[in-house]
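For reference, the structure discussed in these notes is given below.
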Amino acid sequence: METDSPTLEELGHVLWGAHWREALAKALEVSAQDVDDWVSDPSTRPADLQSTIENLGVVRLEEIGLMLVQMKEAGLAGA
């Protein structure tokens, strides 16, 4: 069974929330207009964009994991 790859919008929203375009632009050190262009015309995306976003996703997961551990240690988990 083959599944579709997530869209740039889906990835951005999961990684950064509602203001993902601005956050992605900042993370990649590009303009928000560049991100808007990538959404409207995928042919303008850099060739390495997928692997770059994957790497950013790994970093985000590590950051979230660390925060969850810190919350647990501080007694905030489940509060």
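Key figures for this structure:
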read-out: At 0.890 mPa s and 25 °C, Stokes D of the chain from Kirkwood alpha-carbon radius, µm² per second; value: 173 µm²/s
read-out: Inter-probe distance in nm under a simple model that places probes 7 Å from Cα toward Cβ, at L28 and V59; value: 1.4 nm
read-out: In Hz, Karplus ³J(HN,Hα) per residue of region 60-71 (6.51, -1.76, 1.60; θ = phi - 60°; x = Gly, Pro); value: 4, 4, 5, 5, 5, x, 4, 5, 5, 4, 4, 4
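Where a number appears in this text, it was derived from the coordinates with a stated rule and is not lab data. All values reported here derive from a predicted model rather than from experimental measurement. Positions of Cβ are backbone-derived with ideal geometry, glycine not excepted, and every protein chain shown enters the neighbour counts.
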